[in-house]
1. What pairs come up if the first residue lies in the stretch 123-134 and is closer than 23 Å to Asp168 by Cβ, the second is of a type in the set (Phe, Trp, Tyr), and their beta carbons are under 9 Å apart, counting only those six or more places apart or on different chains?
2. If I ask for residues that are crowded, with 23+ Cβ neighbours inside 10 Å and part of a loop (DSSP other than H, G, I, E, B), which ones from the stretch 266-290 would you list?
3. For residues that are closer than 22 Å to Thr213 by Cβ, among the β-branched types (Val, Ile, Thr) and part of a loop (DSSP other than H, G, I, E, B), tally how many sit in the stretch 41-74.
4. Within the stretch 155-195, track down each residue that is under 17 Å from the mean Cα position of the chain (by Cα) and hydrophobic (A, V, I, L, M, F, W, C).
5. Among (1) crowded, with 23+ Cβ neighbours inside 10 Å; (2) touching a Pro at 6+ places or on another chain (Cβ under 6 Å), there is one condition Val178 misses while meeting the rest; what is its number?
6. Out of Leu226, Leu209, which single residue is in contact with a strand residue (DSSP E or B) (Cβ under 8 Å, 6 or more places away or on another chain), among the hydrophobic types (A, V, I, L, M, F, W, C), surrounded by 23 or more Cβ atoms within 10 Å (Cβ to Cβ) and within 27 Å of Phe52 (Cα to Cα)?
Amino acid sequence: MNSSPRPIAAEDDFAQHAGATPALPAVVSFDELGLPAEVRKLLTAQGVVTPFPIQAATLPNALAGRDVLGRGRTGSGKTLAFGLPLLVRLAGRRAEARKPRALVLVPTRELAQQVTDALAPFAGALGLRLATVVGGMSIGRQATALRDGAEVVIATPGRLLDLVERKDARLDRVEITVLDEADQMADLGFTDQVTALLDLVREGGQRLLFSATLDRNVDLLVERYLHDPVVHSVDPSAASVDGMEHLVLQVHGADRFATATEIAARDGRTIMFLATKASVDRFTAHLRGSGVRAAALHGDKSQPLRTRTLERFRTGEVTVLVATNVAARGIHVDEIDLVVNVDPPADHKDYLHRGGRTARAGGSGTVVTLVLPDQRKDVLRLMADAGLRPRVTQVRSGEAELTRLTGARAPSGVPVDGAAPSTERPKRGGAQFRGIGTVPGKPGRAKNESRRSAEERKLAEARRAARVRRGR
């Protein structure tokens, strides 16, 4: 099988939402847009010479004040597609205390920080102030930033509503509103919060909505809040990227754990996704005890710790990021060439966004999904929904084929930063290992056994089985 994309389902077709007014033509270069000299200088300094397709198509219309409905794969340049016109159109006028002039709503803290980091240099050059408003951080400091005056607020919906209710923020002066990753906000149950916020924004303002897919909840936002929008869709699937390879590796029982460990020990930056927070922590501890420089990322970590973890991953101090779906969107790290689904995702949208952490901005990468025999059918159906025909290969840990496909190798066994090595003795037998991310209602959990106990037991069984296989 090859991994070439197929046409995306009609339900993801944005064309039906196009407004009546024709769109302005796409540009070939930034020179055609009449951007301020400060902005052009920064773009050149960052090596951004030619607009990405979604920027070329939407920038002329967004700069003209049109509403925009855009779809583009992760890493396609969406942040500057909405960020540049937002900042350019706001330049020259200051906001009053507690009354921002623009609002960017995002689903996760990580995406909020990514947007802030991307826009901050341009905002500074134009004399504009940004405030980032997310959960997990001091609400008092965020309230102070709003009281001091910020032209642009970049926020997750829940925290911004808290500040509105405290009367630390008023939205009736907001002229430009951006919804980034609107489909994930809907998937996470934020639709009511988003609509409550949009109802507070003054009527007649500009709306820019970007989404990877359209479903019923996103349709509601488009129909209710966008007026005569320009519609542009580019690279509709996060998985249909030139240079991105998709592999399904079929493994058996306890070998799933050993296979994942050997892949983690490869050279290069790797993100590995698991289903639960507990399984992320346990697998990370195992990798560190095996000699792999790994770190965990999930929603129970404090925001300062999550920020430090991502910075360590970006600098190469950590080579493997083990995460739940919190890392599936809003994380941009260069040179991630491998994403591994140790536990398969729940649906095709999760798959697309997990995979979107690699092959960003024209790069290349591989997405690997480990499956047990009884998971193979469901995973292939999920990937068909994503418009993909992956290559399916049966592998075992320690085999040359696994190394050829992923760069896997045996870990050093020297614990990282004081992590304790495993002291378990080799022993034959034991129940089949059914995946690190065991969840209630799935096979592999004994009667009256808690999820935590089940995961601890399976990790122990997996380690014993792997050692027996290697003759240790």
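1. Between residues of the stretch 123-134 that are closer than 23 Å to Asp168 by Cβ and residues that are of a type in the set (Phe, Trp, Tyr), the close pairs are Leu128/Phe122.
2. Leu274
3. Counting residues in the stretch 41-74 that are closer than 22 Å to Thr213 by Cβ, among the β-branched types (Val, Ile, Thr) and part of a loop (DSSP other than H, G, I, E, B) gives 1.
4. Listed by number, the residues that qualify are Ala155, Leu179, Ala182, Met185, Ala186, Leu188, Phe190.
5. Condition not satisfied by Val178: (2).
6. Exactly one residue qualifies, and that residue is Leu209.
The rows are residues; the columns are (1) touching a strand residue (DSSP E or B) at 6+ places or on another chain (Cβ under 8 Å); (2) buried (at least 20 other Cβ atoms within 10 Å of the Cβ); (3) farther than 30 Å from Ala18 by Cβ.
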{"site": "Ala81", "(1), (2), (3)": "yes, yes, no"}
{"site": "Glu96", "(1), (2), (3)": "no, no, yes"}
{"site": "Arg101", "(1), (2), (3)": "yes, yes, no"}
{"site": "Leu111", "(1), (2), (3)": "yes, yes, no"}
{"site": "Gly124", "(1), (2), (3)": "no, no, yes"}
{"site": "Leu130", "(1), (2), (3)": "yes, yes, yes"}
{"site": "Arg141", "(1), (2), (3)": "no, no, yes"}
{"site": "Asp172", "(1), (2), (3)": "yes, no, no"}
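Throughout, read-outs are computed from the coordinates displayed, never taken from laboratory work. As the structure is a computational prediction, the values presented were derived from the model and not from experiment. Cβ atoms come from the backbone with ideal geometry, glycine included; neighbour counts cover every protein chain shown.
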